[in-house]
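Everything on this sheet refers to the single structure shown next.
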Amino acid sequence: QEQLVESGGGLVQSGGSLRLSCTPSRIVFNFYTLGWYRQAPGKQRELVASIAVGGHTEYGDSVKGRFTISTDNDENTVYLQMNSLNTEDTAVYFCNAVRNDKNYWGNGTLVTVSS
């Protein structure tokens, strides 16, 4: 069973930055569409950012201009650089990898932004 492992979450003050990382246990990220999603308490899971195999990126409206998704093929890792964080960014952040009928999720990493 494939496992995605997120790291980098934590407590940060409003206006601060964090970088999340996600690595897989077996798959090679090169061949997957990768995404970061988040779920805040009482809310549905929402797309934060995604990056396709060809490098095309998409972002949720609330994070455009503040967050950046990127990959390091040598490290087989996907990152989410989060800048200018605010309290509304507080959520559990999940890594996702999709290819054809394969759809993998991590267990999430908690990001808490204090005012």
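Structural remarks
- For S114 and Q1, the difference between the fully extended length at 0.36 nm per residue and the C-alpha to C-alpha distance is 37.1 nm.
- Gaussian network model of the chain, springs between alpha carbon atoms under 10 Å - residue of E46, E58, E75 with greatest fluctuation: E75
- Secondary structure note: in the chain, about 90% of the DSSP beta bridges are antiparallel.
- Residue-normalised accessible area of the chain, given per residue in Å² at a 1.4 Å probe: 55 Å²
- Magnitude of the charge dipole, the chain, Cβ model with Lys/Arg +1 and Asp/Glu -1, debye to 20: 140 debye
- DSSP-loop trypsin sites (Lys or Arg not before Pro) across the range 15-115, with at most 11 other Cβ within 10 angstrom: R26, K43, K64
- For the range 14-115, convex hull volume per residue from C-alpha positions, Å³: 99 Å³
- Potential lengthening between A40 and S14 on full extension [0.36 nm per residue; Cα-Cα distance subtracted]: 7.7 nm
The values are calculated or read from the model by the stated rules, or taken from the named source; none is laboratory data. Computed from a predicted structure; not experimentally measured. Quick reminder, even Gly has a Cβ in these numbers, built from the backbone with ideal geometry, and neighbours come from all protein chains shown. The protein model used for the area step is the full one, side chains on, heavy atoms only, and it has no ligands, DNA or RNA in it. Shrake-Rupley method; radii C 1.70, N 1.55, O 1.52, S 1.80 Å.
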